[in-house]
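The values are calculated or read from the model by the stated rules, or taken from the named source; none is laboratory data. As the structure is a prediction and not an experimental result, all values here were calculated from the model. Neighbour counts are summed over all protein chains in view; Cβ atoms, including those assigned to glycine, are modelled from backbone coordinates with ideal geometry. For accessibility, only protein heavy atoms count, side chains too; no ligands or nucleic acids. Shrake-Rupley method; radii C 1.70, N 1.55, O 1.52, S 1.80 Å.
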Amino acid sequence: MIPAAFDYRRAGSADDAFAQLQKLGGDARVLAGGQSLIPAMRFRLARPSVLVDINGVAELDYITMNGALTLGAIARDSAVERASWIGERGWSLIHDVSRVVADPVVRQMGTVVGSLCHNDPSGDWPAVALAARAEMVVRGKDGQRTVPIDQFLVDSFTTAVQEGEMALAVRFPAPDDRTAGSYQKVERKVGDYATAAAAVQVSLNADGTVRGAGIALSSAGPCAVRVTDAEALLKGQTPTADLIRAAGEAAAKQSDPQADLRGSVEYKKNLAGVLVSRGLRQALARLGVQS
Amino acid sequence: MSTDTTIKGSLGVPMKRKEDPRFIQGKGNYVDDLSFPGMLYMALVRSPYPHAEIAGIDISEAMKVPGVVAVITGKDLEAAGLGWLPTFHGLDKQMVLAIGKVLFQYQEVAAVFAESRGAAADGAEAVQVDYNPLPVVADPFTSKKDEVLLRPDREAKTNHIYHWEVGDRDRTDQALQASEKRIRQRMWFPRCHPAPLEPCGCVAQFDKMGRLHFHVTSQAPHVYRTAVSLVTGIPEDKIHVISPDIGGGFGNKVPVYPGYVCAIVGALKIGRPVKWIESRTENLTSTGFARDYHMDVEIGAKADGTVTALKVSTTADHGAFDAAADPSKYPAGMFGIVTGSYTFPTAHAEVDAFFTNKAPGGIAYRCSFRVTEASFAIERGMDILADELGMDPVELRRKNFVKKEQFPFPSVLGFTYDSGDYHKTLEVALEKIGYQALLKEQAEKRAKGELMGIGISTFTEVVGAGPSKHFDILGIKMFDSAEIRIHPTGSGIVRTGAKSQGQGHETTWAQIVAEELGLDPQNILVEEGDTDTAPYGLGTYASRSTPTAGAALAMAARRVRERARKIAAHLLEVGEGDVEWKDYKFQVKGVPAKSVTMKEVAFAAYTNMGQNEPGLEATQYYDPPNMTFPHGAYIAVVDVDRDTGEVKVRRFLAVDDCGTIINPMIVEGQVHGGLTEGFAIAFMQEIQYDKDGNNLNTNFTDYLVPTSLETPHWETAHTVTPSPHHPIGAKGVGESPNVGSPAAFVNAVVDALSPLGVRHIEMPVTRDKVWRAIRDAEAKKGQS
Amino acid sequence: MKVSIKVNGVQYEKDVEPRTLLAYFLREDCGLTGTHVGCDTSSCGCCVVVMDGDRAVKACTMFAAQADGHEILTVEGLAQGGALHPLQQAFWDQHGLQCGYCTPGMLMTSYALLKHKPNPSDGEIREELAGNLCRCTGYNNIVKAVRQAAETLQAAPATK
Ligand SMILES: Cc1cc2nc3c(=O)[nH]c(=O)nc-3n(C[C@H](O)[C@H](O)[C@H](O)COP(=O)(O)OP(=O)(O)OC[C@H]3O[C@@H](n4cnc5c(N)ncnc54)[C@H](O)[C@@H]3O)c2cc1C
Ligand code: FES
Ligand code: FES
């Protein structure tokens, strides 16, 4: 299967990429890892008339860690998976997800920012970014702006990136040393999108009560879902087995999945609850708390 | 004369494969690797509708696309008398390109020929087809009602294709009535697809003299030649079919597909070579699917577990055309093997097949014509019976096995099982897996509410179609053939009518010949797939290569040896009767010091043959006297996660008995591969249609092929009961694991859930299904 | 458009359509048909090649234009001076292939894997090869082959 014909532009720099997008308007698309875009083009479900390839833009290919973690637009899933800090417990959510997105070869090309811009309701990164309270750096006509992830993820395959704009980076706030996370995904096989998945990030106070929790679901609605009820339930509380179960139940309730080949609505809702509870238990275990 | 004692036996040796050096270096020669000057690419326009009238086709925009050279439609083909293509077992015909209407989603509607892949795709997109949707029949039970007639082109105005039955219905019904215990279960063996990693494809090329050279991914090149000749009217001598390296077949590359006919017509009409390589979507949506059998299984037994009767009634979904690749007289293939490894005093099996608005097929996917369906029915049924009886499924099987001394065993449904030792194979499996320890562990786990299951399958397969009095395809009897030529320096070339798709014929055939002739297998070249050079054969599928072509080969080698004996006598200066074949050479009877090697004889055959006919070669056609009956005992151990329905296959052991083993390394590899496909079928692989007839599994994102991570680690072992009628005692193994394993997996899952009262679960056993089975069972328990 | 790509040490300068996928560029423009195509969804891994020394990528999901100025290693470039690469030898020794269609992709993914993890466990091998499908072997022997190659390469690191 061969894509419809298009024009190809290689961006030399972020400015250049942005300038091209501004000039070309709605027909142009950013080509990042291409792992979503190219298959869509091969099926002719996507037919941009111009691609602006940012793969060669060295200044977008970075992972910086100075407290916060910033991933440039061309940082690959595999680079995250192999980063030296990945073993630190504060980044356990990121560590977990970097090993289960797509498959190991797709991860060599696929980018974190591309995934967020794609905003597939079954994608892994959107839920993780929600749970970790990430923010996106977007380049627009008026320069760069920072968009909180909740506002960035607008709807299925729709983000706050407007026509002619591009995302430059995603930033994950620094976790303190009483923060850990977990990503729980049920997939039919490697390379499949989630049947259901839960991203969990928990920060504890010194007394063991929950200072804050980020809980989000993939494949649970038209867009990744922040489980606000579960987050609220946990805040300020000591995480007991009952509380964890209640958080799971809140997730199952808030999950609004569609029936498809991966499973029925009831099954997916059940999974949302099970996975949130499991994620909480694992995150807490990583903080040395058995629950 | 000779002192050469280096020749050792070649049979049973795990010889490394001779074909591998080319594959590991990227030097394979698959059909898409071929390229000819002036070659065009073909793309097919396919129907988005499962059932629709074609009101019109407008090709004018397509013809304007740069690079497009020609477009053909069903009307063009019909005008040329090429509108329809006979299906292999001769009960039906199939449209090449849609004529008047389309009958399944993704059906071929028009063919576009262009200078490049891209232009062909652009052209296909630009063909405008006007469809008027018609009511869709998406399942055989709706089809049965005949409310919508799908095939008005056929004489019989019904969607019912055939009724087939075997066995004694009345006696079986009576025995079931009279039985002390009786079970009945509907089982659906869902539609699945072989999905070899290399899709189907071809290059059609006419040479300057108008002879067709047809390069095609075919498991049966000679049958293709005959079929192409019958369809196109091109004399068979003007057709040269070449099946190059094949990237997996598993039955998918047996039928002749519409795209092939279009490519040939395009090449002829335009006068340039045409390449057509289907996409993965085309592969999954339009080429030979397998199974889709809805089976009602009934077993009767005495209270002590002795089985008394088996009855299986099947409703089969054959799709829009009856393109099932079964032998003519066996529309339901070898389904009669459904009595399995057990001594049923009476049995009855029937199959009714129906048209639906789904893709045609019903091919033998890594199995010998419907044997997988039959094995699943009986092996699942035996477990349900064991549950009903409250008996260990192992004990139930032991009790009812055909005993070693009963072979050759005439089954009530008409087969004569050649040989076997079912008790022994099962005992080896139980011992090796540690059955008793597993039972103990399971009891402990159950006490804690954990779900662990052990699943057993002790199947019997029937392969190697087949004896000419019963078996033919398109009227051609299902024999096979081999030809051997030994060169002066003792190397040789071997050709058969079979065609390897990964089974390693280049190695195993060389081993058979080397064993029979005392030559070095490294210097026996094996060539297959070229109809100009290979003797006529029916090809490789249904595990038939070793039972048929392999047998032909051993016999051809023995013919060579008989001719060589004469020359040896001449060299040894004794009478032929005084020469014996011993230790891989000819020697004067009782005088081991006086001997000649085959290599020396080969040289003499061209340089010093005395009064004998020069040269050293033989051809053998082999009409098997019977089928062969491999069997096995498989055990799966699974753990089930209550909360998510996840099933983890913790262990899987396959003990196979495929008779004499030619190359144990290759046999083991075949078993690993077959088990992996059986695993996929049991847990994830399915072609589903929605009620409107839309195919839901159109590429690898939804048609799930397991990766290294899901696939269990396989354990294997063997028992050896040679086939008494096969020249070297081999039975064939490629398909046993795929035939025998699905029931083991499902039996294990059901066993895990049995404390909850679950008795059956349909394939593929998805997490969702398992979770719901647990939930429903628990809800039921709560109520009672 | 013009692209210049070094494949197995040879510089190829070609004029291609932007929509030319790298897999077809290698197969049809360079004549290197060892890289196969088995799907349209970046799922099967038959097309895997190594980019810039240690990165396994699916050549069916990348445009030739994206590889402009880069180095690509395909299965044809593995053997050096007539000697099989230890991975090739190991796949042969361990019966890690049957039909051979997945083999080039398996070899190239394994090649990149061993660059990053020279001594992987069986579990790690299974994880890292999960982007490559094989329909024939059931993976047991592929895992064994990669282990053998890892051991050979570790014993004689010069033969890379
Ligand atoms: C076999 C397979 C399995 C997969 N499984 C999963 C999975 O399990 N979970 C999962 O989350 N994903 C999965 N994916 C998707 C994969 O992770 C993609 O790589 C990812 O979603 C998109 O990232 P990319 O860099 O490839 O983006 P591209 O495909 O290049 O782009 C995707 C979209 O985002 C736009 N875009 C990209 N970057 C920017 C930018 N900087 N600014 C503005 N717009 C931009 C593009 O224009 C395009 O519309 C799978 C993909 C494949 C091929
Ligand atoms: S061809 Fe299937 S992943 Fe590239
Ligand atoms: S060897 Fe055939 S697909 Fe792997």
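Can you confirm whether the range C:149-157 contains a residue that is within 24 Å of B:Glu735 (Cβ to Cβ), aliphatic (A, V, I, L, M) and either within 7 Å of chain B (Cβ to nearest Cβ) or surrounded by fewer than 24 Cβ atoms within 10 Å (Cβ to Cβ) (or both)? No, the range C:149-157 has no match at all.
Taking the stated definitions as given, is A:Gly248 surrounded by fewer than 16 Cβ atoms within 10 Å (Cβ to Cβ), under 20 Å from A:Leu130 (Cβ atoms), modelled with pLDDT of 95 or more and more than 14 Å from chain C (Cβ to nearest Cβ)? Against the criterion (surrounded by fewer than 16 Cβ atoms within 10 Å (Cβ to Cβ), under 20 Å from A:Leu130 (Cβ atoms), modelled with pLDDT of 95 or more and more than 14 Å from chain C (Cβ to nearest Cβ)), A:Gly248 does not qualify.
Of the residues making up the range B:397-421, those that are over 12 Å from B:Thr343 (Cα atoms) and in contact (Cβ under 8 Å) with a residue 24 or more places away in the chain are B:Pro408, B:Gly414, B:Phe415, B:Thr416, B:Asp418, B:Ser419, B:Gly420, B:Asp421.
For the range B:236-255, a tally of residues being away from every other protein chain (no Cβ under 14 Å) and crowded, with 23+ Cβ neighbours inside 10 Å returns 3. Of the residues making up the range B:18-75, those that are within 30 Å of B:Gly504 (Cα to Cα), of a type in the set (A, V, I, L, M, F, W, C) and either in contact with a Gly (Cβ under 9 Å, 6 or more places away or on another chain) or assigned to a strand (DSSP E or B) (or both) are B:Phe23, B:Ile24, B:Val31. Of all residues in the range B:350-375, those satisfying the criterion of being of a type in the set (A, V, I, L, M, F, W, C) and either more than 14 Å from the chain's Cα centre (by Cα) or not in a loop (DSSP other than H, G, I, E, B) (or both) are B:Val351, B:Ala353, B:Phe354, B:Phe355, B:Ala359, B:Val371, B:Ala374.
Here is the figure for the range B:677-697: residues that are assigned to a loop (DSSP other than H, G, I, E, B) and over 15 Å from B:Pro135 (Cα atoms) total 7.
Just name the residue that is farthest from ligand 1 (Cβ to nearest atom) out of those in the range A:121-152 that are within 24 Å of A:Asp27 (Cβ to Cβ) and touching a Ser or Thr at 6+ places or on another chain (Cβ under 8 Å). Applying the filter and picking the extreme gives A:Phe152.
Among strands (runs of 3 or more DSSP E) entirely within the range B:271-349, having at least 3 residues that are within 14 Å of another protein chain (Cβ to nearest Cβ) and at pLDDT 95 or above singles out B:274-277. Exactly one residue out of C:Gly34, C:Gly45 is more than 21 Å from A:Asn55 (Cβ to Cβ) and either within 16 Å of ligand 1 (Cβ to nearest atom) or in contact with a Lys or Arg (Cβ under 8 Å, 6 or more places away or on another chain) (or both), and it is C:Gly34. B:Arg211 falls short on exactly one of the conditions (1) open to solvent by less than 70 Å² (accessible area, probe 1.4 Å); (2) without any contact (Cβ under 8 Å) to a residue 24 or more places away in the chain; (3) touching a His at 6+ places or on another chain (Cβ under 9 Å), and that condition is (2). Return yes or no: is A:Val106 within 14 Å of another protein chain (Cβ to nearest Cβ), away from ligand 3 (no atom under 16 Å from the Cβ) and touching an Asp or Glu at 6+ places or on another chain (Cβ under 6 Å)? Considered against the rule, which asks whether it is within 14 Å of another protein chain (Cβ to nearest Cβ), away from ligand 3 (no atom under 16 Å from the Cβ) and touching an Asp or Glu at 6+ places or on another chain (Cβ under 6 Å), A:Val106 comes out as no. Looking only at residues of the range A:107-120 that are within 20 Å of A:Ala46 (Cα to Cα) and open to solvent by less than 20 Å² (accessible area, probe 1.4 Å), we find that the one that is nearest to the chain's Cα centre (by Cα) is A:Leu116. Might you let me know whether the range B:86-107 holds any residue that is modelled with pLDDT under 95, among the hydrophobic types (A, V, I, L, M, F, W, C) and not in a strand (DSSP E or B)? Within the range B:86-107, one or more residues are modelled with pLDDT under 95, among the hydrophobic types (A, V, I, L, M, F, W, C) and not in a strand (DSSP E or B). Exactly one residue among C:Tyr101, C:Tyr111 is under 16 Å from C:Ala150 (Cβ atoms) and of a type in the set (Phe, Trp, Tyr), and that residue is C:Tyr111. Restricting B:Arg186, B:Arg211, B:Arg171, B:Arg182 to those that are in contact with a Pro (Cβ under 9 Å, 6 or more places away or on another chain), more than 30 Å from C:Gly100 (Cα to Cα) and not β-branched (Val, Ile, Thr) reduces the list to B:Arg171. Of all residues assigned to the range B:700-710, at least one qualifies as being small (Gly, Ala, Ser), surrounded by 24 or more Cβ atoms within 10 Å (Cβ to Cβ), outside the structural domain of B:His505 (by TED's automatic domain parsing) and free of Cβ contacts under 8 Å to residues at least 12 places away in the same chain. Identification of helices (runs of 4 or more DSSP H) wholly contained in the range C:37-140 with 2 or more residues that are more than 9 Å from chain B (Cβ to nearest Cβ) and within 14 Å of the chain's Cα centre (by Cα) yields C:103-116. Selection of the range B:387-419 for residues being within 17 Å of B:Ala636 (Cα to Cα) and crowded, with 18+ Cβ neighbours inside 10 Å yields B:Pro393, B:Val394, B:Arg397. The set of residues in the range B:640-675 being more than 25 Å from B:Gly453 (Cα to Cα) and within 12 Å of chain C (Cβ to nearest Cβ) consists of B:Asn663, B:Pro664, B:Met665, B:Ile666, B:Val667, B:Glu668, B:Gly669, B:Gln670.
Residue-wise test of (1) under 38 Å from the mean Cα position of the chain (by Cα); (2) surrounded by fewer than 20 Cβ atoms within 10 Å (Cβ to Cβ); (3) more than 14 Å from chain C (Cβ to nearest Cβ).
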{"residue": "B:Gly9", "(1), (2), (3)": "yes, yes, yes"}
{"residue": "B:Glu19", "(1), (2), (3)": "yes, no, no"}
{"residue": "B:Ala62", "(1), (2), (3)": "no, no, yes"}
{"residue": "B:Gly67", "(1), (2), (3)": "no, yes, no"}
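Could you list all residues from the range A:257-274 that are part of a loop (DSSP other than H, G, I, E, B) and at the interface with chain B (Cβ under 9 Å from one of its Cβ atoms)?
Across the range A:257-274, the qualifying residues are A:Leu261, A:Arg262, A:Ser264.
Selection within the range C:1-18: residues that are in contact with a strand residue (DSSP E or B) (Cβ under 7 Å, 6 or more places away or on another chain) and charged (D, E, K, R). The member of this set that is nearest to the other protein chains (Cβ to nearest Cβ) is C:Lys2.
Kindly establish whether C:Asn132 is within 16 Å of ligand 1 (Cβ to nearest atom), in contact with a helix residue (DSSP H, G or I) (Cβ under 9 Å, 6 or more places away or on another chain) and open to solvent by less than 40 Å² (accessible area, probe 1.4 Å).
On the way: within 16 Å of ligand 1 (Cβ to nearest atom): yes; in contact with a helix residue (DSSP H, G or I) (Cβ under 9 Å, 6 or more places away or on another chain): yes; open to solvent by less than 40 Å² (accessible area, probe 1.4 Å): yes.
Yes: the conditions hold for C:Asn132.
For the range A:1-81, the strands (runs of 3 or more DSSP E) that sit wholly inside it and include 2 or more residues that are small (Gly, Ala, Ser) and away from chain C (no Cβ under 14 Å) are A:68-72.
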